[in-house]
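Engineer: Here you go, one structure.
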Amino acid sequence: MYHGRSTGKGPSTPTQIYQQPPRLLIVHIALPSWAHICSNLCEALQNFFCLACSLMGPSRMSLFSLYMVQNQHECILPFVQVKGNFARLQACISELRTLQKEGCFRPHSTSLQLAVEDGLQQFKQYTRHVATGAALSYTSLEITVLTSQPGKEVVKQLEEGLKDTDLVRVRRLQVVEITEGVLECMDSVSPVEEPSSDESSVLGTDIDLQTIDNDVVSMEIFFKAWLHNSGTDQEHIHLLLPSRCFSNISRSGDDSMCLKCDLQERLLSPSLLPGTADGSLRMDDPKGDFSTLYQMASQSSASCYKLRVIKALNSSGICESLTYGLPFILRPTSCWQLDWDELETNQQHFHALCHSLLKREWLLLAKGEPLSGGHSLRTPASTFYVIVPSRSPTLLVKAVATRELLLPSPFPPLPEDPTDVSLKTVERVLDSLELEPTYNPLQAWSHLYSHLSNTLTKLQGRIQPSLESRALRKHPCKAGQLQTNRVRATVAPLPMIPTPGRAPKMPAASKPSSEVFFWPSKEEEVEEQKGEEYPSGP
């Protein structure tokens, strides 16, 4: 199975930094569980795609496809480009909402296996079709099976059913079990069971198993992980610490202790979302320090972006007004190009650093070292960062102001004795407030999803009427005949086991290959409309 190694050569470009591999989501939820899961899953998908389709800058998701497995497997949405296709994604979610929620049936044991094989075949055909016109930036597929059945049983079922299937184009295969119970944390179990000493899993690699709760927030957070840069081709950041007394640690060329880290966003910048209050003010421009660092961290295969620690600070030794921009998180790298011993040693030193900083109640002050682009007489400007430890194996990094950025701000001492009348008045007001021990962002709802959904619907609604008129010209319907929104597979389907009492439906993909279609992007549709409105010749 594919482990995330890129087939391309040369340094990454900023447009490739955020883009995740194509994703196939297989919803494997039988009746009657579907009645309890459908609403939460559809709302979570709707919220997620509002964000994914609205984010400005390079597309973070490339292709997406969705299958449903109940009594048989069915392609609800063939592979589409996520950006610019919110209307189709929304139609897919509406299709999920209309699926049968009551009754019972005995699902076929091979339906899930056939869904994986059919989706993989679709992806291969899609890439062959697109590769004829342009080079692809993705060559492997991530498959997620969302199931209501016991996860370990589904893993065994997939291992047995796919043992003779060519999975070289599969980057990752993941089973996510939806439970009704409350989980303390989400753990990735890999492998599900301890293999014997003389063999590993049947597929030659592990299937990831994860468990999430049956609620909108848990599902939404799971899908949002798809927006992270999870590439493992190269570590993102080198954290350099002075090291004169250690000899058995990873070192950089200048005799410093080097911790190899991966960088992860803590939150999305409001400036990347259209129409938000912060975005309209551009207070946190995506061209700022955070995004610049994020791009530089992934831009060079020859040398990593470096954060050089220059001083230690007391945990209370920095004023919050001096930090700016979005924070980001450092984790021990999971780069596959490092050998296991180096990965383990790097992780142990990273964890030891977190423990030591917490014990000493220290912060670290670090200076960013931009990547050198050759010999230059100009000295590039540097950015300083404060590094904050946490009780998880992560470090929080925030940009901190330098002398050049600082503006004068008078801070006179606070008067010691306010008047009794004012003090009592203010204390009565404060006593009326509800006191919470911590701030929970999951309980703060800004109506952003509905705003983004309405914005996207209006934007794509301008194109929809012309698309419908074009479809009517090509495929006129009889009066009173309704057109269904059901999407069929874009490749010839694998043999299905007929359901008793129900004749198998013939999908559109069984037509001649000349009629096989792929969902175009919004830009391709616009170009096609222009070609029809202004034909070049008879």
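Engineer: State whether the stretch 404-457 is rounded, prolate or oblate according to the following rule on the C-alpha gyration tensor (a ≥ b ≥ c being the square roots of its eigenvalues): a/c under 1.5 gives rounded; otherwise a/b larger than b/c gives prolate, and the remaining case gives oblate.
Structural biologist: Working: a/c = 3.28, a/b = 1.56, b/c = 2.10.
Taking the square roots of the gyration eigenvalues as a ≥ b ≥ c, the stretch 404-457 is oblate.
Engineer: Further, regarding this structure: Subtract the Cα-Cα distance of GLN348 and GLN443 from 0.36 nm times their separation in residues, and report this length gain in nm to one decimal.
Structural biologist: 30.7 nm
Engineer: Between ILE310 and LEU433, what is the spin-label point distance in nm, taking each point 7 Å from the Cα along the Cα→C-beta axis?
Structural biologist: Placing both labels 7 Å along Cα→Cβ, they lie 3.7 nm apart.
Engineer: Restricting things to alpha carbons, find the Rg to Rh ratio for the stretch 30-136 using the Kirkwood radius for Rh.
Structural biologist: Working: Rg = 15.6 Å, Rh = 15.4 Å.
Expressed as Rg/Rh, it is 1.01.
Engineer: If you take every residue apart from ILE143 with its C-beta less than 9 Å away from the C-beta of ILE143, what net charge results, scoring Lys and Arg +1 and Asp and Glu -1? Before the final figure, lay out each step's value.
Structural biologist: Numbers: positive: ARG23, ARG171, ARG172; negative: GLU142.
With Lys, Arg at +1 and Asp, Glu at -1, the net is +2.
Engineer: Here is a further query. Normalising by the residue count of the stretch 308-406, find the relative contact order in percent from Cα pairs under 8 Å and 6+ residues apart.
Structural biologist: 40 percent.
Engineer: Suppose accessible area is computed on protein heavy atoms with a 1.4 Å probe; arrange HIS129, HIS36, HIS236, HIS451 from highest to lowest.
Structural biologist: The most accessible residue leads, giving HIS36, HIS129, HIS451, HIS236.
Engineer: Which net charge results for the neighbourhood of CYS335, defined as the other residues with beta-carbon distances under 9 angstrom from its beta-carbon, given Lys and Arg at +1 and Asp and Glu at -1?
Structural biologist: -2
Engineer: Take the cross-link list LYS124/LYS224; LYS101/LYS152; LYS306/LYS359; LYS260/LYS306; LYS101/LYS156; LYS224/LYS398 and give me the ones stretching past 19 Å between alpha-carbons.
Structural biologist: LYS124/LYS224; LYS101/LYS152; LYS306/LYS359; LYS101/LYS156; LYS224/LYS398
Engineer: Right, another one. Take TYR439, TYR67 and sort them by solvent-accessible surface of the protein heavy atoms, 1.4 Å probe, largest at the top. Present the calculation step by step, with values, prior to reporting the outcome.
Structural biologist: On the way: TYR439 170, TYR67 0 Å².
Largest accessible area first, the residues go TYR439, TYR67.
Engineer: Which order do you get for TRP445, TRP336 if you rank them by accessible area with a 1.4 Å probe, largest at the top?
Structural biologist: Reading off the accessible areas and sorting them downward yields TRP445, TRP336.
Engineer: How far is it, in nm, from the label point at ILE329 to the one at HIS36 when both lie 7 Å from their Cα along the line to the Cβ?
Structural biologist: Here the modelled spin labels are 3.0 nm apart.
The values are calculated or read from the model by the stated rules, or taken from the named source; none is laboratory data. Model, not experiment: these values are computed from the prediction. Positions of Cβ are generated from backbone atoms using ideal geometry, with glycine treated the same way; all protein chains shown enter the neighbour counts. The area values use the complete protein model at the heavy-atom level, side chains included, leaving out ligands, DNA and RNA. Shrake-Rupley method; radii C 1.70, N 1.55, O 1.52, S 1.80 Å.
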